[in-house]
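Worksheet: one structure, shown below.
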Amino acid sequence: MSATDPGELDLTQAAMAGDQKAFGQLVARHQASVRALSRRLTRSVSDGDDVAQAAFLTAWRRRSTWRGGSFRAWVCAIAYREFLNGRRGEISAAEIEDQAGVGDDTGERVDLTRAMKDLDDGERVAVSMCLGAGLSHGECALAMGAPLGTVKSWVLRGRAKLQKALAAYESA
């Protein structure tokens, strides 16, 4: 769903006006992508879920600050700020296994988790937002407070590093 989708826009406007049911529907629609982003940022399942929950609570409390656009991009930006506010976690072997259990092919999930860990912070965040959460480069740049060209470079470099790392895992 996009910000231009009439159903999504109507739902978002109702939620921002204080409609708890509409906000709950938006949470249900977007929680998977916000949780996935948060887990990638924190490198932890439990910390990522905490960041996602905090992001939705903050979004509800600060709904008057929404200025239009994509609800998902807005909440992902809030999640990123929550992450920066000290909710960084370290991934453990047990959590890699937990993350692996979520996907269909556990080997591929573990490989991706390990490859993401090796990215620079900017690359990991930009790849997570743009490729993982589906935000545009512009939305990611706004969320990160970074220049658009920098975000594009992070995504390109991060994607190239991931492809190289995953190719190495496949040949091993």
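The values are calculated or read from the model by the stated rules, or taken from the named source; none is laboratory data. Bear in mind the structure is a predicted one, so any value in this text is a computation, not a measurement. Here the Cβ is made from the backbone with ideal geometry for all residues, glycine too, and neighbour counts use every protein chain on show.
Inside region 60-77, can you point out the residues that are buried (at least 20 other Cβ atoms within 10 Å of the Cβ) and over 19 Å from Gly122 (Cβ atoms)?
Result: Ser70, Phe71, Arg72, Trp74, Val75.
Matching residues to (1) in contact with a Pro (Cβ under 6 Å, 6 or more places away or on another chain); (2) part of a helix (DSSP H, G or I); (3) under 22 Å from Gly7 (Cβ atoms):
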position: Gly18; (1), (2), (3): no, no, yes
position: Ala22; (1), (2), (3): no, yes, yes
position: Asp50; (1), (2), (3): no, yes, no
position: Ser64; (1), (2), (3): no, yes, no
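When Leu119 is evaluated against the numbered criteria (1) part of a helix (DSSP H, G or I); (2) modelled with pLDDT under 95, which criterion, by number, is the only one it fails?
With respect to (1) part of a helix (DSSP H, G or I); (2) modelled with pLDDT under 95, Leu119 is out only on (1).
Mind checking whether some residue in region 87-108 is farther than 25 Å from Ala165 by Cβ and either in a helix (DSSP H, G or I) or at pLDDT below 85 (or both)?
yes
If you scan region 1-15, which residues turn out to be touching a helix residue (DSSP H, G or I) at 6+ places or on another chain (Cβ under 8 Å), surrounded by fewer than 22 Cβ atoms within 10 Å (Cβ to Cβ) and modelled with pLDDT of 90 or more?
Leu11, Ala14, listed by residue number.
Could you please give the count of residues in region 38-59 that are surrounded by fewer than 24 Cβ atoms within 10 Å (Cβ to Cβ) and either hydrophobic (A, V, I, L, M, F, W, C) or under 12 Å from the mean Cα position of the chain (by Cα) (or both)?
Residues that pass the stated criteria total 6.
Hey, among the residues in region 146-172 that are of a type in the set (Gly, Ala, Ser) and modelled with pLDDT of 90 or more, which one's nearest to Leu37 (Cα to Cα)?
Gly158
Could you please let me know if Leu112 is hydrophobic (A, V, I, L, M, F, W, C), farther than 23 Å from Ala77 by Cβ and crowded, with 17+ Cβ neighbours inside 10 Å?
Here the answer is yes, as Leu112 does meet what is asked.
Among the candidates Arg157, Arg124, single out the residue that is of a type in the set (Lys, Arg), surrounded by 20 or more Cβ atoms within 10 Å (Cβ to Cβ) and at negative phi.
Criteria check complete, one pass: Arg124.
Only one of (1) under 27 Å from Asp118 (Cβ atoms); (2) surrounded by fewer than 16 Cβ atoms within 10 Å (Cβ to Cβ); (3) in contact (Cβ under 8 Å) with a residue 12 or more places away in the chain fails for Ala32. Which number is that?
Only one criterion is unmet by Ala32, namely (3).
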